[in-house]
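**Q** This structure is in structure tokens; I'll ask about it shortly.
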Amino acid sequence: MNSLNDLCAFDVNNRNWKVKIGGFFNWCNAEGWGRGNPAKNIPIFVDPTDAPKTVPLETVRKMLEVAQKTPRFLPLINYLAIGYFAGLRPYEMRRLPKGDIKIKKEFAEGDGGQIYISRNITKTKTERYVTINETLFAFLKAYPEQPIYHKNFVKLFTAMRETVGYGFADGRSEENKWVPDAIRHTFGSMWQAKHKNINMLAEEMGNSPEVIRRHYKRAIPAEEVGPYWAIRPIPKG
């Protein structure tokens, strides 16, 4: 590697390194130890042929099942449900107040309520409403006492992912390495496969249609679409 550009530009997965390096230079400038930010104009090249990383249907089922059947992981259930069936960004869920989930008493005529995403917690600084569909409605009704984002989330989520075969610490499952936006990608691809309306999906996800086409649209076999949206909580008792 001969330059900072070489370090970051070749792979979209290095976007986070660009942000971290840029943050370091901004801090140095603020302390009076430098001028300018050499990371500012580093391009991030995205291979348009790369499909977004989604979670296989059977793994989605397994993650939800493990969260519900394992007391230790039960505090993750609403995070998983909102991610898989509403497509919120991970950091939106970290900051989402429970009071902004406006769920109805009953699901009727395709309406279970909405989740309000304020401009204070979203990447685009633009507020939006996200539909509470029938699948998400069922989970939110089943687990009202569980948090959206548990105080020990990182530790719990890492352990739960390892339980279902993602992200082993010793590197054994490199091909199953967890992608932070995999849950959101899964929602976007499954939603589009069902509704086939990119503009509406863009509104739900808080992106432009162009971003949806580039990053959140993956071909999904027709036989997986119905079963995905038919997932329901495990009956209690």
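Taken together, the values in this text are just the output of simple stated rules run on the coordinates, not laboratory data. Here the structure is a predicted model, which means the values were calculated and not measured. Note that we place each Cβ from the backbone using ideal geometry, even for glycine, and neighbour counts take in every protein chain shown.
**Q** May I ask you to compute the full-extension gain from residue 155 to residue 119, defined as 0.36 nm times their residue separation minus their alpha-carbon distance, rounded to one decimal in nm?
**A** Values: separation 36, 0.36 × 36 = 12.96 nm, distance 2.82 nm.
Value of the extension gain: 10.1 nm.
**Q** What nm distance separates the two modelled labels at residue 111 and residue 94, each placed 7 Å from Cα along Cα→Cβ?
**A** Those two pseudo-labels are separated by 3.5 nm.
**Q** Under the classification rounded if a/c is under 1.5, otherwise prolate if a/b is larger than b/c and oblate if not, where does the range 57-229 fall, given a ≥ b ≥ c as square roots of the Cα gyration tensor eigenvalues? It would help to have the intermediate numbers written out before the result.
**A** Values: a/c = 1.40, a/b = 1.18, b/c = 1.19.
In terms of gyration-tensor shape, rounded.
**Q** Let me ask another. Would you mind calculating the gained length between residue 163 and residue 72 on full extension (0.36 nm times residue separation, minus the Cα-Cα distance), in nm to one decimal?
**A** 31.5 nm
**Q** Right, another one. Evaluate the distance, in nm, between pseudo-label points positioned 7 Å from the Cα of residue 176 and of residue 35 along their respective Cα→Cβ axes.
**A** Spacing of the two 7 Å Cα→Cβ label points: 5.4 nm.
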